[in-house]
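Participant: Right, I'll just put the structure down here and ask away after.
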Amino acid sequence: MNFRGQIYELVWTTFCYLIKFFAQLLGFEKFIPPFANTSGSNILKGVNYASGGAGIRIETGSDMGATISLGLQLANHRVIVSEIATKLGSPDLARQYLEKCLYYLNTGNNDYMGNYFRPQLYPASRIYSLEQYAQALIEELSLNLQALHDLGARKYVLAGLGLIGCTPAVMHSHGTNGSCVEEHNAATYDYNNKLKALVDQFNNRFSANSKFILIHNGSNALDIAHGFLVSDAACCPSGCNPNQKPCNNRSDYVFWDEVHPTEAWNLVNAISAYNSTIDPAFTYPMNIKQLVDCEVKRELEFRNESTSQLSATE
């Protein structure tokens with residue numbers, strides 16, 4: 001499928017490879033260029049604002065070094081929007097261009113794994129209950145989504161949290177012998193339920209040409225259904241240092257390292273999110289292909305209407 005718009009990706013999380021597969025499924029020939037070194041006409045091809053370890057909250061992941069939180073990524077997007085307006089001739093033309101683009105946001109996992117569940121480094125768990133923290137994250141995310149809408153964004157793909165209690169890192173740190181940590185998964189379910197409610201809220205609030213969809217990452221049903229034999233251990237436990245050899249059968253593994261999924265797992269999830277043929281419940285209220293098809297249909301209707309109006313005046 002050839003998508004006529006572009007993709008803007010915000011936030012890097014444990015599912016960063018998904019966007020690569022989405023781009024391929026949508027007909028992109030090249031990967032989306034990063035904000036740090038894109039310029040000129042490349043900004044019209046989509047921009048990747050992702051930052052390793054970043055989250056919704058500004059402090060998330062800061063113990064590992066400098067990260068660019070969602071709010072700061074939005075500030076970078078404002079820079080690009082201004083440059084697009086200059087290139088196209090006006091802010092209105094930039095907005096019309098951005099209305100055709102797809103915005104992919106995958107965030108929140110690091111706010112738990114790299115913040116709330118690390119009380120020795122971050123105070124969040126002493127300030128908020130899990131329910132309060134999820135609400136605080138959703139409220140901050142909501143403000144950023146509203147700001148994106150004000151800049152012209154109209155098509156959003158929001159990824160829910162994965163089952164963070166089922167990552168090898170969390171299971172090993174709790175000594176569960178391969179069993180998921182339910183407290184962490186409870187956080188996943190609470191956040192994802194609130195995110196689904198936010199999707200409904202925004203879809204009801206904004207005009208028909210704005211659409212928000214949710215990817216349900218918080219499920220391990222795909223692991224079993226698609227031949228992933230190992231979900232409680234990493235293919236490369238210590239992240240694969242130069243002299244370390246990974247597992248031989250990496251396509252059997254859900255996790256590449258202690259936290260990040262394998263390319264095989266990401267591919268299955270990307271196809272599920274794109275077309276929903278594997279699991280219709282994986283996306284809500286529609287899949288990515290349907291979202292893009294809505295834009296194609298809307299553009300065709302606009303062209304037909306414009307052609308009819310021109311014919312009537314001749």
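The values are calculated or read from the model by the stated rules, or taken from the named source; none is laboratory data. Small disclaimer: the values here were computed from a predicted structure and weren't measured. Every residue, glycine among them, receives a Cβ derived from its backbone with ideal geometry; neighbour counts consider all protein chains shown. Each accessible area value is taken on the protein alone, full model and side chains, heavy atoms only, with ligands, DNA and RNA left out. Shrake-Rupley method; radii C 1.70, N 1.55, O 1.52, S 1.80 Å.
Participant: Within region 115-130, is even one residue polar (S, T, N, Q), at pLDDT 95 or above, surrounded by fewer than 20 Cβ atoms within 10 Å (Cβ to Cβ) and within 17 Å of the chain's Cα centre (by Cα)?
Facilitator: Checked region 115-130: no residue is polar (S, T, N, Q), at pLDDT 95 or above, surrounded by fewer than 20 Cβ atoms within 10 Å (Cβ to Cβ) and within 17 Å of the chain's Cα centre (by Cα).
Participant: A follow-up question, please. Scan (1) in contact with a helix residue (DSSP H, G or I) (Cβ under 7 Å, 6 or more places away or on another chain); (2) of a type in the set (A, V, I, L, M); (3) without any contact (Cβ under 8 Å) to a residue 40 or more places away in the chain for the single condition M113 breaks and write down its number.
Facilitator: (3)
Participant: For a quick check of your reading of the model, give me the residue pairs whose first member lies in region 117-146 and is under 18 Å from E183 (Cβ atoms), whose second is among the basic types (K, R), with beta-carbon atoms closer than 7 Å and at least 6 apart or on different chains.
Facilitator: P119/R126; A134/K194; Q135/K194
Residue by residue, here is whether (1) assigned to a helix (DSSP H, G or I); (2) open to solvent by 30 Å² or more (accessible area, probe 1.4 Å) holds:
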| position | (1), (2) |
| --- | --- |
| A153 | no, no |
| L161 | no, no |
| F202 | yes, no |
| F228 | no, no |
| A233 | no, yes |
| C236 | no, no |
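Participant: Cβ contacts < 8 Å: first residue under 20 Å from G239 (Cβ atoms), restricted to region 159-186; second residue among the small types (G, A, S) and in a helix (DSSP H, G or I), any location; separation 6+ or different chain. Result?
Facilitator: Pairs that qualify, where the first residue is under 20 Å from G239 (Cβ atoms) and the partner is among the small types (G, A, S) and in a helix (DSSP H, G or I), are I164/A187; M171/G165.
Participant: Related question: Is it the case that N248 is without any contact (Cβ under 8 Å) to a residue 40 or more places away in the chain and either assigned to a helix (DSSP H, G or I) or open to solvent by 70 Å² or more (accessible area, probe 1.4 Å) (or both)?
Facilitator: Here the answer is yes, as N248 does meet what is asked.
Participant: Within region 85-114, take every residue that is among the acidic types (D, E) and within 20 Å of the chain's Cα centre (by Cα) and give me the one that is most open to solvent (accessible area, probe 1.4 Å).
Facilitator: Restricting to residues being among the acidic types (D, E) and within 20 Å of the chain's Cα centre (by Cα), the top hit is E99.
Participant: I'd like the full set of residues that are of a type in the set (D, E, K, R) and without any contact (Cβ under 8 Å) to a residue 24 or more places away in the chain, limited to region 84-109.
Facilitator: Hit for region 84-109 is D92, nothing else.
Participant: Tell me whether region 166-173 contains one or more residues that are crowded, with 20+ Cβ neighbours inside 10 Å and not in a helix (DSSP H, G or I).
Facilitator: Looking through region 166-173, at least one residue is crowded, with 20+ Cβ neighbours inside 10 Å and not in a helix (DSSP H, G or I).
Participant: Follow-up question, since we're still on this one. Scan region 68-84 and tell me whether some residue there is surrounded by 16 or more Cβ atoms within 10 Å (Cβ to Cβ) and assigned to a loop (DSSP other than H, G, I, E, B).
Facilitator: Taking every residue of region 68-84 in turn, at least one turns out to be surrounded by 16 or more Cβ atoms within 10 Å (Cβ to Cβ) and assigned to a loop (DSSP other than H, G, I, E, B).
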